[in-house]
1. Restricting to the stretch 78-110, give me the number of residues that are outside any strand (DSSP E or B) and surrounded by 14 or more Cβ atoms within 10 Å (Cβ to Cβ).
2. For the stretch 257-276, enumerate the residues that are away from ligand 2 (no atom under 15 Å from the Cβ) and on the phi > 0 side of the Ramachandran plot.
3. Return the only residue of 332, 341 being within 18 Å of the chain's Cα centre (by Cα) and either surrounded by fewer than 19 Cβ atoms within 10 Å (Cβ to Cβ) or modelled with pLDDT under 95 (or both).
4. Every residue in the stretch 122-155 that is surrounded by fewer than 18 Cβ atoms within 10 Å (Cβ to Cβ) and assigned to a helix (DSSP H, G or I), please.
5. If a residue must be more than 15 Å from ligand 2 (Cβ to nearest atom) and under 16 Å from residue 136 (Cβ atoms), how many such residues does the stretch 277-297 contain?
6. Quickly run through the stretch 284-300 and pick out the residues that are part of a helix (DSSP H, G or I) and either under 12 Å from the mean Cα position of the chain (by Cα) or away from ligand 1 (no atom under 16 Å from the Cβ) (or both).
7. For the stretch 13-59, which fully contained helices (runs of 4 or more DSSP H) count at least 3 residues that are farther than 16 Å from residue 107 by Cβ and away from ligand 2 (no atom under 16 Å from the Cβ)?
Ligand code: F6P
Ligand code: MG
């Protein structure tokens, strides 16, 4: 398309994309291989000799892929029969046309977003070709561990939430706004805790998340939270108990562990305050970018919360389970979230999902990968408007809650990016900075 900057790619030697493909992705693959190998006995106990064979062959396929990556071989078509394989293979053909020939669609020469997504899909292919271990989540151990390591912070958050819920009736509108902003920011900073950027190293939350908000304020580079609030307020319609007038918020989830917990706390508050009547969560249908939420992680997290040895935490868990049962909360997944497309392709590629999102009054997109897909993972100038970078995407008013972990950022003030770059060369990739960035398709 005319005027749209190129995709970020590892072909720019020394770029963050380059370093990721060269260093971080092979490290992640090595950890995946180790994890499968370490679980050999478990596979043997469960499936006997077949389990051992599956373990060997999966590791063989993964080592082969790691080698393809490291030697910049062409991207191969998928060979499994998972439902979405044909979409991936069509996408590959499209890339081959765009880039000229088959050889040039390779790990270092193609768009970074594409090859990074493709790597996680190939991990799934390796497992799929090897039943009985097809359903094994190679990232599960890391996700559950990060959940347990963040217990203290979760309890602190639950105590805070209990304090709000207890006095909900007496809160003034300003107090409500203040709590809203705090929980929105807790959910924002929850995004620091993902296992992909650190290649699986400890990234859990240990201190009280509410107490640190003030000191984190200066690191929010764009803060459109007032627009998020006014979107919710103007969505309120009389006759609130009816389905047709219910205010609906959709949260496109990112990571399991502490981040998911902060999203659930925010969703709890939205419902208990009456700001929203329905919350729809969108997760991934396969293990993705190390720590992203799957249906299994979502259910597991709520179970664990219910079982917690902390009065308010277990109370929340029970409440959340009943929200799901009563049709107040919903969990969805869709193949589109685990494909390599920019979101501006959604209306064409996944019209059913686009239509679903149109039913929301507000969409919250969590995390860095969603931001990359919102903006097409392109080499935009920092001052380009968010709406320009969205390239027509906007099924409903939307807000990105993201800590910066990749070098794409739009919507900054003139000079802001340059100044940050001179003070702090890693500002775009360290997760130290964040944005609450809003786009209102309907009225703004
Ligand atoms: O390469 C680092 C990285 O894997 C990015 O590719 C990705 O955008 C990010 O980390 C994952 O972050 P998040 O979980 O916030 O989407
Ligand atoms: Mg993630």
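1. Final tally of qualifying residues: 20.
2. Filtering the stretch 257-276 down to residues away from ligand 2 (no atom under 15 Å from the Cβ) leaves 264-276.
The answer is 274, and nothing else.
3. 332 is the lone residue from the list that is within 18 Å of the chain's Cα centre (by Cα) and either surrounded by fewer than 19 Cβ atoms within 10 Å (Cβ to Cβ) or modelled with pLDDT under 95 (or both).
4. Correct list: 140, 141, 144, 145, 148, 149, 152, 155.
5. 2
6. Scanning the stretch 284-300 gives 295, 296, 299, 300.
7. Filter on the stretch 13-59 gives 25-38, 40-47.
This table checks each residue for (1) away from ligand 2 (no atom under 16 Å from the Cβ); (2) at pLDDT 95 or above; (3) surrounded by fewer than 17 Cβ atoms within 10 Å (Cβ to Cβ).
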site: 168; (1), (2), (3): yes, yes, yes
site: 172; (1), (2), (3): yes, yes, yes
site: 175; (1), (2), (3): yes, yes, yes
site: 188; (1), (2), (3): no, yes, no
site: 201; (1), (2), (3): no, no, yes
site: 221; (1), (2), (3): yes, yes, no
site: 243; (1), (2), (3): yes, no, yes
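The values are calculated or read from the model by the stated rules, or taken from the named source; none is laboratory data. Because the structure is a prediction, the values reported are computed rather than measured. Virtual Cβ from ideal backbone geometry, glycine too; neighbours counted across all protein chains shown.
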